[in-house]
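Values in this text are rule-based calculations from the coordinates and carry no lab data. Since the structure is predicted, the reported quantities are computational estimates derived from the model, not experimental observations. Counting neighbours? That spans all protein chains shown, and the Cβs are built from the backbone with ideal geometry, glycine included.
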Amino acid sequence: MNTDAYPFLRHEFLYALERNRCLDEATGWYSQHLVVYGDDQQLLGAMPLYMKDNSFGEFVFDWSWADAYQRHGLAYYPKLVSAIPFTPATGPRLLCAPGADYQQVATCLVE
């Protein structure tokens, strides 16, 4: 999977976050990445996905949503986000292997 154009999806970057304990119970980021494999067990696609129990380290300010949920007795957390932790950069969130059908991989990830 080519991530040259967007360095924040590189395995080395995401792994460094995990290895250096930037993604753990203390920060509220729990890795739940989605992957799609072909019949031959070849990796076809992936999407970084994190379960969050707070909104720290995000650049979407949803505190008022969380507060509204709490006032109505509803749970806002945990939530799933497809984001690059602690990084305000916009960009793709779906990695697709060369030669793989992007739409098919995306459909598999959503299902």
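Here are the numbers for the structure shown:
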read-out: Cut-off 20 Å (backbone N to label point 7 Å along Cα→Cβ of S64), residues of segment 72-111; value: 72-77
read-out: Contact order relative to length of segment 15-64, as percent, for alpha carbon pairs under 8 angstrom and 6 or more apart; value: 29
read-out: Distance (nanometres) between label positions extended 7 Å along Cα→Cβ at S82 and H33; value: 1.5
read-out: Cleavage-rule hits (GluC sites (Glu not before Pro)) in segment 1-43: DSSP loop, at most 13 neighbouring Cβ within 10 angstrom; value: E25
read-out: Label-to-label distance, nm, for residues given as A75 and Y15 (7 Å Cα→Cβ offset); value: 3.4
read-out: Order of F8, F61, F56 under a 10 Å beta carbon neighbour criterion, fewest first; value: F61, F56, F8
read-out: Segment 55-111: relative contact order in percent, alpha carbon pairs under 8 Å with at least 6 residues between; value: 29
read-out: Residue order, fewest to most surrounding Cβ atoms within 10 angstrom, among S64, S31; value: S64, S31
read-out: Equivalent-ellipsoid semi-axes of the chain, from the Cα gyration tensor, Å, largest first; value: 28, 17, 12
